[in-house]
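Reading through the structure tokens given below for one structure.
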Amino acid sequence: MSSQNIYILGIESSCDDTAASVIHNGKILSNVIANQKIHEAYGGVVPELASRAHQQNIVPVVHQALEKAGVAKEQLSAVAFTRGPGLMGSLLVGTSFAKSFAYGLNIPLIDVNHMQAHILAHFIDEEGFDKPNFPFLAMTISGGHTQIVKVNHYFDMDVIGETIDDAVGEAYDKSGKILGLGYPAGPEMDKRAQQGNPKAFKFTKPKVDGLNFSFSGLKTAILYFIQRETKKNPDFVKENLNDICASIQYTIIGILIDKLKAATKQTGIKQIAIGGGVSANSGIRKALKDGEQKFDWKTYVPKFEFTTDNAAMIAIVGYLKYQEEDFAQQDITASARLKI
Ligand code: KG4
Ligand code: ZN
């Protein structure tokens with residue numbers, strides 16, 4: 001097989017972003033995302049609305065991805081799609097589309113695990129971004145996921161820690177909701193946190209065994225704290241918003257860094273790659289940089305557009321699997337609870 005000109009179309013539809021991307025060998029030519037604004041009004045993703053929006057978006061998004069890349073569909077070597085995990089109704093749209101598209105073009109179909117893709121996004125060729133060496137630790141932190149994974153090789157990964165309830169992005173979004181912020185609240189809380197005092201208020205970190213996480217207790221603690229304080233002073237949130245955000249952020253980052261420290265100790269691996277929307281957070285970025293000095297870590301943060309939900313990460317996995325001729329059959333189905 002010639003490894004010279006491999007073009008893969010990647011399709012992502014696991015949650016509320018309809019995305020398509022074209023990769024040529026290891027380099028991304030286009031990365032198109034249609035965000036679904038409709039969920040903002042509900043303060044969270046509404047699965048049925050997400051699925052309907054995917055149906056409206058998928059054809060124009062794929063069309064745009066091909067057009068931006070300057071690639072005709074006849075040039076494609078394969079179609080890669082997110083099989084799971086995610087919302088079933090959302091996954092079905094991308095899966096059905098990818099199956100028909102590959103069938104119509106008579107090219108291979110490649111199924112991709114969304115969680116592996118967040119990690120393998122680090123292998124996209126991008127100037128100024130180093131690729132981690134195996135083995136490394138990957139921490140995927142977003143609105144839907146919180147995991148620490150030991151990555152032995154591209155498709156040889158062990159989940160060594162994960163959340164037992166809410167994801168870290170949910171901790172941001174739900175506490176932001178308590179504070180009256182819009183959805184998703186993470187970016188605004190991060191901005192405010194940078195102008196506040198992280199030690200103004202103290203929240204207890206949950207005690208969870210091993211490398212697992214828990215964020216639902218923190219959310220409840222924040223809720224009770226705010227209820228208590230606003231009873232005393234109705235303007236408490238307004239008057240202290242930056243300090244509250246900084247204190248919440250300080251607690252969350254503390255939880256993540258404690259677990260990373262434990263993971264490096266347990267595995268002896270000091271290369272850490274992060275992914276997922278929360279990796280945009282200024283506090284986690286700074287804490288990782290500090291870790292390079294303090295604990296001799298080497299840390300990797302991908303380009304932002306490849307770290308939130310996107311199809312470029314699906315395309316790179318498609319490229320890696322294509323080279324191994326690891327193809328899916330036409331009877332493959334979406335899998336909402338797919339594991340790494
Ligand atoms: O990866 P992503 O775009 O979608 C998934 O959830 O899979 O992540 C979105 C999450 C939201 O919870 C959002 O609040 C959070 O990432 N987020 C942040 C920041 N930017 C996005 N959380 C904290 N600080 C940020 N700067
Ligand atoms: Zn994701």
Practice task
Among ILE33, ILE253, ILE269, determine the one that fluctuates most according to a GNM of the chain built with springs between C-alpha atoms less than 10 Å apart.
Solution key: ILE269
Practice task
Please report, in debye to the nearest 20, how large the charge dipole of the chain is about its Cα centre when each Lys and Arg carries +1 at its beta carbon and each Asp and Glu carries -1 there.
Solution key: 1100
Fill in the blank from the handout: With +1 on the Cβ of every Lys and Arg and -1 on the Cβ of every Asp and Glu, the dipole magnitude of the range 206-253 about its Cα centre, in debye rounded to the nearest 20, is 160
Completion exercise
Taking Cα atoms only, helix 88-105 is inclined relative to the longest principal axis of the chain by an angle, in degrees rounded to 10, of 20
Practice task
Would you check the accessible area of ARG192, probe 1.4 Å, heavy atoms only, in square angstrom rounded to 10?
Solution key: 70
Exercise for the section: Please list LYS232, LYS174, LYS27 in order of solvent-accessible area, largest first, computed with a 1.4 Å probe with all protein chains present. Expected result: LYS232, LYS27, LYS174
Practice task
Report the GluC sites (Glu not before Pro) located in the range 299-340 that are in a DSSP loop and have at most 13 other Cβ atoms inside 10 Å of their Cβ, or state none.
Solution key: GLU324, GLU325
Problem - Acute angle (nearest 10 degrees) that the helix 216-232 long axis makes with the longest principal axis of the chain, alpha-carbon atoms - result: 40
Handout entry: Net charge of Cβ neighbours under 9 Å - reference ILE33; Lys, Arg +1; Asp, Glu -1
Key = -4
Handout entry: Positive-end extreme of charge dipole, the range 131-301 - chosen from SER175, LEU223, PRO234 (charges on Cβ)
Key = PRO234
Practice task
Using a 10 angstrom cutoff on alpha carbons, build the Gaussian network for the chain and name the most mobile of GLY275, GLY318, GLY104.
Solution key: GLY104
Handout entry: Most mobile of PRO184, PRO302, PRO47 in a GNM of the chain (Cα contacts under 10 Å)
Key = PRO47
Completion exercise
One would report the antiparallel percent of DSSP beta bridges in the chain, rounded to the nearest 5, as 60
Handout entry: Violating pairs (Cα-Cα greater than 22 angstrom) within the set LYS177/LYS259; LYS219/LYS339; LYS131/LYS207; LYS174/LYS231; LYS191/LYS265; LYS207/LYS232
Key = LYS177/LYS259; LYS219/LYS339; LYS131/LYS207; LYS191/LYS265; LYS207/LYS232
Exercise for the section: On the protein heavy atoms, probe 1.4 angstrom, tell me the percent of accessible surface of the chain carried by carbon and sulfur. Expected result: 49
Problem - Given charges at Cβ of Lys, Arg, Asp, Glu: the chain dipole, positive-most of ALA34, MET139, HIS122 - result: MET139
Problem - Options ALA19, ALA200, ALA312, ranked by Cα towards positive dipole end of the chain, top entry (Cβ charges) - result: ALA200
Fill in the blank from the handout: Computed for the range 229-340: size of charge dipole around the Cα centre, +1 on C-beta of each Lys and Arg, -1 on C-beta of each Asp and Glu, debye to nearest 20, value 460
Problem - Accessible area (Å², per residue) of the range 194-235, counting only protein heavy atoms and a probe of 1.4 Å - result: 69
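The values are calculated or read from the model by the stated rules, or taken from the named source; none is laboratory data. Quick caveat, the model's predicted, so the values are computed rather than measured. As a convention, Cβ positions derive from the backbone with ideal geometry for all residues, glycine included, and neighbour counts pool all protein chains shown. Note: areas computed on protein heavy atoms with side chains; ligands, DNA, RNA excluded. Shrake-Rupley method; radii C 1.70, N 1.55, O 1.52, S 1.80 Å.
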